[in-house]
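Visitor: Sharing a structure here in structure tokens format.
Please treat every number below as a calculation from the coordinates, not as lab data. This one's a predicted model, so the numbers in the text were calculated from it and none came from an experiment. Methodologically, a virtual Cβ is constructed for each residue, glycine included, from the backbone with ideal geometry; neighbour enumeration extends over all protein chains shown.
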Amino acid sequence: MKTSPIIALDFDSSQKVIDFLEPFESDVNVKVGMQLYYKEGPAIISKLKERGFDIFLDLKLHDIPNTVMFAMEVLASLGVSLVNVHAAGGKTMMEAALEGLDKGTPAGTKRPSIIGVTQLTSTDERQVREEQLIEASLQESVLHYAKLTKEAGLDGVVCSVHEAAIITEICGPEFMKVTPGIRLPESGTHDQKRIATPEEAREEGSTHIVVGRAITGAKDPRAAYEQINARWKGMEWNE
């Protein structure tokens, strides 16, 4: 997947997606999440692929190993660039997911990259302790899941910007760190708690950033994308 920002297509219909993407070239990455995929199904993937977009299919699978393996075998046939699972499903489940992807990838094509979700960026220290009953700190939990994901043979993790640097130290620079919760300084936090700017993501070692409402909710989405992309890549930006 290209290193350009990944635009989260948090829409409820394919027509809204097509209308939104009209000003964009196919050099951008897009993320299809549960809302859009459950409404439109594989057809939305085909439409985006026809237009040349690289696709992160964000379904966060979490089930018994066999179920995840067979599901990934199906998803591999869609031709997306990136998929994910919840690392909390365990090492065996993640290994099964990878096996399913390998089986389902058509001959002569590249297997989709696969990453493990560590802790959601909406999760805070209190939730880890009181709701998940994890005695370790939030950061320790994220690092544990990152190491488990690497041991399972996956390509990287979803994490917040705040853990990216230490994950690089532990898992290596080639290990993907896909970081949601990206905001411009003037943007609100919405329902995410562990947020960061594009510049902070670059400095901390994120390999990819996911941006939703800062682009999709902007008056001029293309201009917002260009600003975020410039800041992410360390290029000069004129307001």
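Visitor: Which of [x] 8, 32, 38, 20, 2, 0; [y] 7, 27, 27, 19, 10, 7, 3, 0; [z] 8, 31, 30, 18, 11, 3, 0 is the computed P(r) over Cα pairs in 10 Å bins from 0, in percent for the structure on display?
Guide: [x]
Visitor: Something else: Exceeding 31 Å between C-alpha atoms, which entries from my cross-link table qualify? They are 39/147; 2/150; 150/219; 110/233.
Guide: Values: 39/147 34 Å; 2/150 21 Å; 150/219 40 Å; 110/233 26 Å.
Violating the 31 Å Cα-Cα cut-off are 39/147; 150/219.
Visitor: Residue by residue, what Karplus-based ³J(HN,Hα) values in Hz, rounded to whole numbers, does region 105-121 have, using 6.51, -1.76 and 1.60 with θ = phi - 60° and x for Gly and Pro?
Guide: Whole-Hz 3J(HN,Hα) from phi for region 105-121: 6, x, 4, x, 10, 7, 4, x, 5, 9, 10, x, 6, 7, 10, 4, 6.
Visitor: For residue 235 paired with residue 63, estimate the spin-label separation in nm (one decimal), with each label point 7 Å from Cα along the Cα-to-Cβ line.
Guide: 4.2 nm
Visitor: Shifting gears a bit: Taking R0 as 45 Å, what's the FRET efficiency between residue 46 and residue 169 from their Cβ-Cβ distance, rounded to 0.05? Show your work: numbers first, answer last.
Guide: Working: r = 40 Å, r/R0 = 0.89.
Computed FRET efficiency for residue 46 and residue 169: 0.65.
Visitor: Taking the simple approach of a point 7 Å from Cα along Cα-to-Cβ for both residue 129 and residue 147, what is their distance in nm?
Guide: About 2.2 nm, to one decimal.
Visitor: Could you pull out the GluC sites (Glu not before Pro) across region 1-84 that fall in loop regions by DSSP (anything but H, G, I, E, B) with no more than 14 other Cβ atoms inside 10 Å?
Guide: Loop-located and lightly packed - 25.
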